[in-house]
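This report refers to the structure that appears directly beneath it.
Derivation of every value follows stated rules applied to the coordinates shown; laboratory data play no part. Because the structure is predicted, anything quoted here is derived from the model rather than measured. Counting neighbours? That spans all protein chains shown, and the Cβs are built from the backbone with ideal geometry, glycine included.
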Amino acid sequence: MARTDDRQASVSAVEADGTTGRRYARVALDVPIAPCFDYLVPPALDGRIAAGDWVLVPWGRGRKIGIVLGLANTAEIAAEKVRPIMGRVDEAPPSSSAWLELIDFTARYYHRHPGEVMLPAVPKLLRTPPSARQRKESAFARARKRFVAPAGSPSPDMAAAPGLKPAQAEALAALEQGEGFGVFLLHGVTGSGKTEVYLRFIASRLAADPIAQVLVLVPEIALTPQLAERVRARFPGEPIAILHSGLAEGERAASWLAVADGRARILVGTRLAVLAPVPGLAGIIVDEEHDPSYKQQEGVHYSARDLAVLLASQRRIPVVLGSATPSAETWQAARTGRYRLLTLPERASGAPAPRIEVLAIDRDMPPDGLAEAARAAIAEVLADGGQALVFLNRRGYAPVLACGQCGWLSRCDDCSAYRVLHRVAQRRPQAAGGARFRLVCHHCGGEQAVPRGCPACGDTDLRPVGRGTQRLEEALAQTFPEARIARLDRDVARRRGAAEAMLDAVHGGEVDLLVGTQMLAKGHDFQRLRLVVVADPDGALFAADFRAPERLFATLMQVAGRAGRFARDGRVLVQTRFPGEPLFAALQAHDFAGFPDRMLAERREAGLPPFGHQALLRAEAVAPDDALGFLGAARDALLAILAATPELAAHVRCFDPVPMPVARLAGRERAQLLVESGSRPLLHRALSRWLPELDGLAGRSRWQLEVDPSEI
Ligand code: ADP
Ligand code: ZN
Ligand code: ZN
């Protein structure tokens, strides 16, 4: 990602010449209406306020905490309207210029105000104005007290560390030799020993400098404890901070502050951790760099992976991007030498890669969704005391409920989608009536009871169509009555501790057959697992999004990586109605350089990322035509801007507005407009001219712009 050339607001200090005597602070607040807000620096604080300071300011009848972007001698609003700063938050950690620069870049690049980036990046407890009946201790004091560093030696515990394989040693040497900024793609299948390389890299960064800190990004909340555990085992004396959105507010504040203060030297977190201030940052690791969850999907739609690379370049430090299936963007950079490619070609355990077979199946499948060969393979593994996993990336009981008489389908009232049939947990399982079901919309969360009869014709012949993990689990229990079956998906994980309990049972050998979604595919080291059956990957094969095949390939590689990590006879069976798809051939051949190479060739042909750059304007409104109407006007406005500047006209392309794939969501109609360019700076120049016009055109539509959209 490159710097944009059109500058909006700046987060650098404005020189004050001191002639007028009145000093104004430009304060960033988490309010989307303006880049910053002017406040008077009261005499009591004169000379004590600088860029990066946290201040308490009046806002309407209330108060807010904001961060000073700079000082000025003139206000941008009438001087008599300017209100004074109420106080300086002295306990806040000093904002380094590096952090302010990162925020500034992020705000410009994603075309947002600095406050919209900066303040959501600060834990809520710390940016909430202290209440009137102030507790004895401030939120800062409590957070600082809460983070307790472990006692122990700061040097890594190498007792249980394996000796490095040659490829690992070579990768580590390359990482250690690097001077200053460098991006490294650590390319290796699951189990190839990437994490071991990360641990050594952390050790060498920390050993080089007593104030050095390392940032480790993981894609999923569920993966943070696992990786943090391995880091903790290796660095028993090192304070480790964890940051993700699932933490309780108090924990989040404690971790964030420990990192900002430099007390925690290792930070393991999800995408939001990239925006934490890490004053001693000396190295960054982005595990599973291709994972879509690095892209923030609300507020400022930033890519934590891209920001990690930017951050590394700002701080002149190395960043390691690890993956078995790199994103097209990263692969292209590695192919052209911009990133350094480090390959771990084999599994570290010495186990051979699993055998991957493709099973052609029909549309009509038995209730357990298994082809004869898959059923036989499971039976064989179970009889032998091994574990098997059936992977189905669809939660719930069945994707839709249908009337056998008139063809009615369980559509959501508020979305252009079906409500999914879910079996709900019984408070009293022994209660009469057996399983209870509900219809749930996965888009808006809308729920309803299952109707007794068809809402259209009254017939009682309502049937689930298709299969989700709950139904699969039920059918597998019939097929394999002796097997101990456990399921993991987001419905299970929603109950606190349930996912951990399930995984403990798996590791403890109390489970024979696992059923689950994506959640089971990532990061887990299942020692007895010998067989993976991919039940139904076909939906993702023909999705509209151009990134769908890349994602499917990544998911399948990942889930395949679960099989036989420690055994010699790992086996993967992929059931599909389209066995001729090249993606499956690449998977079977373990061709994980050939697949992305072909993908890049296709992208180049079509001018898609990473060869072209995109921005997506999304709009939503209650009335069906409002959003599309607004986007039509927005397109005309952009075309006028392009027409006025030949350079932009030659390089920036604007498509027609179209309804979004799920056109109606929670009762609102949604549409999108794609803008593309082969030149990133020109795209951003066009966007900066265009965006200020949009509010005037929007009418009753709400809009948001996504730079580098991850889904189209
Ligand atoms: P990845 O992160 O690529 O999935 P890991 O680093 O977790 O791989 O390694 C997979 C397994 O192999 C782990 O159990 C790890 O302890 C082990 N391992 C890693 N490196 C080596 C090595 N050099 N020799 C033996 N075992 C290793
Ligand atoms: Zn009907
Ligand atoms: Zn809905």
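Numbers below:
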item	result
Efficiency of FRET between residue 598 and residue 50 - r from beta-carbon atoms, R0 51 angstrom, step 0.05	0.45
Order of 365, 158, 599 under a 10 Å beta carbon neighbour criterion, fewest first	158, 365, 599
Helical mean residue ellipticity (222 nm; -39500 (n - 2.57) per DSSP H run of 4+; nearest 500) of the chain	-9000 deg cm²/dmol
Long-range lysine pairs (8 or more apart or interchain), the chain, Cα under 26 Å	13
Kirkwood estimate for segment 140-264, i.e. one over the average of 1/r between Cα atoms, Å	15.9 Å
Geometric extent, Cα atoms of segment 350-488 - Rg, Dmax (angstrom)	17.8, 61
Computed P(r) (all Cα pairs; segment 342-391; 10 Å bins; percent)	18, 40, 27, 14, 1
Karplus-derived HN-Hα couplings along segment 322-329 (A = 6.51, B = -1.76, C = 1.60, θ = phi - 60°), whole Hz, x at Gly and Pro	x, 5, 8, 9, x, 5, 4, 4
Global size of the chain as Cα Rg and Dmax, reported in angstrom	27.3, 87
Cα-based equivalent ellipsoid, segment 283-393: semi-axes from gyration tensor eigenvalues, Å	39, 19, 13
In segment 157-263, chymotrypsin sites (Phe, Trp or Tyr not before Pro) in a DSSP loop with at most 16 other beta-carbon atoms within 10 Å	181
DSSP loop GluC sites (Glu not before Pro) with at most 14 other Cβ within 10 Å excluded, longest remaining stretch of the chain	511-712
Antiparallel bridges, percent of DSSP beta bridges restricted to the chain (to nearest 5)	50 percent
Segment 24-131: trypsin sites (Lys or Arg not before Pro) in DSSP loop, at most 16 other beta carbons within 10 Å	48, 61
Restricting segment 277-366 to trypsin sites (Lys or Arg not before Pro) in coil, as DSSP defines it, with at most 13 other Cβ within 10 Å	316, 338, 363
Segment 610-634-segment 191-212 distance, computed between alpha-carbon centres (Å)	45 Å
Hydrodynamic radius of segment 632-712 per Kirkwood, over alpha carbon pairs, in Å	13.5 Å
Over 25 Å [Cα-Cα, segment 221-365], rounded percent	39 percent
Range of Cα positions in segment 451-504 per principal axis (Å), largest first	48, 28, 15
Calculated P(r) tail over 15 Å for segment 149-217, as whole % of Cα pairs	59 percent
Placed amide H near residue 69: partners under 5 Å, 5+ positions off or other chain	26, 27, 28, 52
Extension reserve of the residue 124-residue 643 stretch, reckoned as 0.36 nm per residue once the Cα distance is removed	182.3 nm
Two-site FRET efficiency, residue 161 against residue 221, from Cβ-Cβ distance with R₀ of 25 Å, rounded to 0.05	0.40
Two-site label geometry, residue 314 and residue 76: point separation in nm, points 7 Å out along Cα→Cβ	2.0 nm
Square roots of five times the Cα gyration tensor eigenvalues for segment 273-341, Å	19, 17, 10
Residue 568 versus residue 138: modelled label distance in nm, points set 7 Å from Cα along the beta carbon direction	6.5 nm
